[in-house]
Amino acid sequence: MATLDLDAPRLIEVEAYGPLAQPQAAHRVTSTQWVVPGRHISGGDGWVLELPGYVVDVLAPPAHVKLPADTGTVALRANVALMCGCPIVPGGLWDADTLEVKGLITRNGERVAPVDLTFAGETSQFSGAVPIEGPGLYDVTVYAYNPANGNTGVDRTTFVVSGN
């Protein structure tokens with residue numbers, strides 16, 4: 001709620017930025033609206049600003065972990081939540097089955113095959129496995145995308161596979 005002491009109509013701009021605790025997911029949205037003295041913006045839902053997208057947190061592998069040369073695959077796990085923090089589960093109000101969650105991978109700067117992540121059995125968690133194609137620096141970008149509305153979220157991690 002806000003109370004403005006106006007003596008004439010004003011074009012008001014409101015800005016929101018967040019979530020502050022998840023900088024990789026933060027968005028900035030602004031909205032402008034004319035406000036007239038003595039008239040309220042309280043009909044319906046009032047004046048609503050929407051932060052679109054998902055908060056994606058790569059949980060595994062941890063950033064910059066070093067792995068031995070004989071590593072066959074690396075577990076990839078991410079937590080995906082709406083910006084409001086709402087949980088995602090199969091068949092739920094926020095249905096995990098509607099999301100595309102994928103890992104885009106490069107090794108030493110060269111693209112390798114992407115990895116699909118599927119619901120991991122825990123609320124908002126998705127997992128997959130990155131096949132190791134040799135030694136080098138692996139850079140993994142995990143995204144969650146909802147084709148119904150375009151909401152998207154992204155996070156990154158890296159890991160190193162030794163050459164010995």
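The values are calculated or read from the model by the stated rules, or taken from the named source; none is laboratory data. Computed from a predicted structure; not experimentally measured. Ideal geometry is used to build each Cβ from the backbone, glycine not excepted, and the neighbour counts take in all protein chains shown.
From the list 80, 74, the lone residue that is surrounded by 10 or more Cβ atoms within 10 Å (Cβ to Cβ), assigned by TED's automatic domain parsing to the domain that holds residue 107, part of a strand (DSSP E or B) and in contact with a helix residue (DSSP H, G or I) (Cβ under 9 Å, 6 or more places away or on another chain) is 80. Can you tell me which of (1) exposed (fewer than 10 other Cβ atoms within 10 Å of the Cβ); (2) at negative phi; (3) modelled with pLDDT under 90 is the one residue 38 doesn't meet? It is condition (2) that residue 38 fails. For the stretch 45-55, the count of residues that are out of contact with any helix residue (DSSP H, G or I) (no Cβ under 8 Å at 6 or more places or on another chain), in contact (Cβ under 8 Å) with a residue 60 or more places away in the chain and not hydrophobic (A, V, I, L, M, F, W, C) is nonzero.
Is it the case that the stretch 135-145 has a residue that's touching a strand residue (DSSP E or B) at 6+ places or on another chain (Cβ under 9 Å), among the acidic types (Asp, Glu) and surrounded by fewer than 20 Cβ atoms within 10 Å (Cβ to Cβ)?
Yes.
Taken as a whole, the condition of being more than 30 Å from residue 164 (Cβ to Cβ) and surrounded by 18 or more Cβ atoms within 10 Å (Cβ to Cβ) does not apply to residue 115. The one condition from (1) more than 30 Å from residue 133 (Cβ to Cβ); (2) among the hydroxyl-bearing types (Ser, Thr, Tyr); (3) in a loop (DSSP other than H, G, I, E, B) that residue 31 does not meet is (3). Across the stretch 11-29, which residue is modelled with the highest pLDDT among those that are aliphatic (A, V, I, L, M) and exposed (fewer than 11 other Cβ atoms within 10 Å of the Cβ)? Filtering the stretch 11-29 for residues that are aliphatic (A, V, I, L, M) and exposed (fewer than 11 other Cβ atoms within 10 Å of the Cβ), the one modelled with the highest pLDDT comes out as 11. Within the stretch 146-157, the set of residues being under 15 Å from residue 87 (Cα atoms) and surrounded by fewer than 15 Cβ atoms within 10 Å (Cβ to Cβ) is empty. Every condition in (1) assigned to a loop (DSSP other than H, G, I, E, B); (2) basic (Lys, Arg); (3) assigned by TED's automatic domain parsing to the domain that holds residue 131 holds for residue 39 except the one numbered (3).
Which count do you get for residues in the stretch 31-82 that are of a type in the set (Lys, Arg) and closer than 16 Å to residue 11 by Cα? Walk me through how you get there before you give the answer.
Applying the first criterion (of a type in the set (Lys, Arg)) to the stretch 31-82 yields 39, 66, 77.
Checking the rest, the ones that are also closer than 16 Å to residue 11 by Cα come to 39.
Qualifying residue count for the region: 1.
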